[in-house]
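> Please find one structure pasted underneath; my questions will follow.
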Amino acid sequence: MNGEVPKDQSLDNSLALMQEGYEFIRNRCRKYGADLFEARLLGQKVVCMTGEEAARIFYDNEKFQRKGAAPKRVQKTLFGVNAIQTKDGAVHHCRKMLFMSLLSPEGVNQLKSLAEVHFQEAVSRWKKMERVVLFDEAEVILCKIACEWAGVPLTEEEAKERAEDFSAMVDAFGAVGPRHWKGRRARTSAEEWITGVIEKVRTSELDTRQGSALHSWAVHRDPDGEPLDANMAAIELINVLRPIVAIATFITFSALALHEHPECREKLRTEGDEYKEWFAEEVRRYYPFGPFVGARVKQPFTWQNYNFAEGQLVLLDMYGTNHDYRLWEFPEQFHPERFRDWDGNLFKFIPQGGGDPAKGHRCPGEGVTVEVMKVCIDLLANKITYEVPEDQDLTYSLTRMPTRPQSGFILTNVE
């Protein structure tokens, strides 16, 4: 029997999840005064949990697995069906090592250099524009950067369309109706495109740089020695490209942070790269990105008087953990200096997942995210001047998953 573990009495919490979004798990953990509770979502029993200790348990590969955790509707939009996020064991490790090798310090530096060039080039165009929607601009620029770095051919004419497809996949997370169907159409379109590119590499119709992301996925073999079929290779390559385009959300929130906290601008001018990193990390902690992540229990265990059953779906609260007052002093305040003394704990700071990315399911692209954010933060704070018109909506909704400022953050009079 389970101990005194809170159980939400609603017949199904799916509607409440849609209505409360990022705060769904945190609201109930506060209500029950507990780090976990039992609920029902889409007709199945689910355990929701939050906090550092919960994250440490959640990323224990002996206790949890990802197989069967991601709903098909999420696989058909965000991840791709049967992609790395749904794998465990040797297959996951083999593919994860390829991700890690591509996003090595050398790979990160290449992406950072491309970001410096492409964003600086964009400034000349922005100077001639009446209004610059930063989110829209950033996702197209990031799509160009990602494809150039990966070795994927991309013409100037198709960059916007491809960027919008990558963005729609991300935007479909937590969505129903038109946003979900748009994400599915975008997923199909992107997979057809990249599958065709993979096939051209395999037939030597397209030359590509050895060691590039395109070449690496085209020739990759899983632990059984068999190559991936072209579609699966495309899915995994998209799982490299899509998160780079998704950095547009963090860039937009970085601009919002500069606008809402002008005192940080002078520090970004005078305190060097270290403060830029603190600022970028605080943007990732403070502003909403991923609401939660799911896994299934691999083998039965007990934690906090609750008996976790094999196969049970568990959701870890990422947003709530990043705003946990037990882990962060004044968590609802934006304060980059908190990272001056951060101990590097990968279970209390989980904007893109928790734990060691080399050993588990934490996103291997966090280094790229931070470095590209720093390039854009430096650009906004030190390299250009601009105005932020008042006739725009800079609010963001915590009930929309994922979320971003409504207006996309509009700049005018860029110089």
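The values are calculated or read from the model by the stated rules, or taken from the named source; none is laboratory data. Predicted, not measured: the structure shown is a model, and the values here were computed from it. All Cβ positions, even for glycine, are placed from backbone atoms using ideal geometry, and neighbour counts span all protein chains on display. Just the protein is used for accessible areas: all its heavy atoms, side chains included, with ligands, DNA and RNA removed. Shrake-Rupley method; radii C 1.70, N 1.55, O 1.52, S 1.80 Å.
> Tell me the relative contact order for segment 132-212 as a rounded percent, counting alpha carbon contacts under 8 Å between residues six or more apart.
Value for segment 132-212: 25 percent.
> Further, regarding this structure: Figure the gain on full extension for residue 30 and residue 121 (residue separation times 0.36 nm, minus the Cα-Cα span) and round it to one decimal in nm.
28.0 nm
> Here's a follow-up. Would you calculate, for the chain, the mean residue ellipticity at 222 nm contributed by helices, counting each DSSP H stretch of 4 or more residues as -39,500 (n - 2.57) and dividing by all residues, to the nearest 500?
-14500 deg cm²/dmol
> For labels at residue 391 and residue 179 in the simple 7 Å Cα→Cβ model, what's the distance in nm?
Going from the residue 391 label point to the residue 179 one covers 2.7 nm.
> So, one more: Whole number in Å², please: accessible area per residue of segment 83-231, 1.4 Å probe, ligands, DNA and RNA not counted. Present the calculation step by step, with values, prior to reporting the outcome.
Details: 7210 Å² over 149 residues.
Heavy-atom SASA per residue in segment 83-231 reads 48 Å².
> Still on this structure: If each residue of separation counts as 0.36 nm, what is the full-extension length gain between residue 260 and residue 384 once their alpha-carbon separation is subtracted? Show your work: numbers first, answer last.
Working: separation 124, 0.36 × 124 = 44.64 nm, distance 1.77 nm.
Length difference between fully extended and current span is 42.9 nm.
> Then there is this: Taking +1 at the Cβ of each Lys and Arg and -1 at the Cβ of each Asp and Glu, which of 46, 109, 386 sits farthest along the dipole of the chain towards its positive end, judged by Cα position relative to the Cα centre?
Positive-most Cα among the choices belongs to 46.
> Once the whole set of protein chains is in place, how much accessible area is left on residue 106, using a 1.4 Å probe, in Å² to the nearest 10?
Per-residue accessible area (residue 106): approximately 130 Å².
> Also, quick follow-up: Karplus couplings for segment 330-339 from phi (6.51 cos²θ - 1.76 cosθ + 1.60, θ = phi - 60°), rounded to Hz, Gly and Pro as x?
Working through the residues one at a time gives 6, x, 8, 9, 8, 8, x, 5, 4, 7 Hz.
> At 0.36 nm per residue, minus the direct Cα-Cα distance, what do residue 18 and residue 38 gain on full extension? Give it in nm, one decimal, please.
Gain on extension, residue 18 to residue 38, equals 5.5 nm.
> Got a sec to turn the phi values of segment 168-183 into Karplus ³J(HN,Hα) couplings, 6.51 cos²θ - 1.76 cosθ + 1.60 with θ = phi - 60°, whole Hz, x for Gly and Pro?
Whole-Hz 3J(HN,Hα) from phi for segment 168-183: 5, 4, 5, 5, 6, 4, x, 9, 10, x, x, 5, 5, 5, 4, x.
> Amide H to amide H under 5 Å from residue 307: which residues, 5+ apart in sequence or cross-chain, H placed 1.01 Å off N in plane?
Correct list: 3.
> Is there a quick way to get the dipole size of the chain? I mean about its Cα centre, with the Cβ of Lys and Arg at +1 and of Asp and Glu at -1; what is the value in debye to the nearest 20?
On the way: 53 positive and 63 negative charges, 245 e Å.
Once rounded to the nearest 20, the dipole reads 1180 debye.
> Just the number, please: carbon plus sulfur as a percent of the accessible area of segment 201-346, 1.4 Å probe, no ligands or DNA/RNA counted.
Values: 2840 of 6190 Å².
Within segment 201-346, the accessible surface is 46 percent carbon and sulfur.
> So who's got an amide H within less than 5 Å of the one on residue 64, skipping anything under 5 residues away but keeping other chains? H placed 1.01 Å off N, in plane.
Placed amide hydrogens put 298 under 5 Å from residue 64.
> Here is a follow-up. Among rounded, prolate and oblate, which fits segment 228-346 when a ≥ b ≥ c are the square roots of the eigenvalues of its C-alpha gyration tensor, a/c under 1.5 means rounded, and a/b larger than b/c means prolate?
Verdict is oblate for segment 228-346.
> Something else now. Could you tell me which of rounded, prolate or oblate describes segment 143-237, using a ≥ b ≥ c as the square roots of the eigenvalues of the alpha-carbon gyration tensor, with rounded for a/c under 1.5 and, failing that, prolate when a/b is larger than b/c and oblate otherwise?
oblate
> Another question about this same structure. May I ask for the distance between the Cα centers of segment 369-409 and segment 238-282, given as a whole number of Å?
The two parts, judged by their Cα centres, are 9 Å apart.
> What distance in nm separates the simple spin-label points at residue 155 and residue 302, each placed 7 Å from Cα in the Cβ direction?
That separation, rounded to one decimal, is 6.6 nm.
> Follow-up question, since we're still on this one. With +1 on each Lys and Arg Cβ and -1 on each Asp and Glu Cβ, and nothing else charged, work out how big the dipole of segment 169-215 is about its Cα centre, in Debye to the nearest 20.
Its charge dipole is roughly 240 debye.
> Between residue 399 and residue 413, how many nm apart are label points set 7 Å from Cα along the C-beta direction?
3.7 nm
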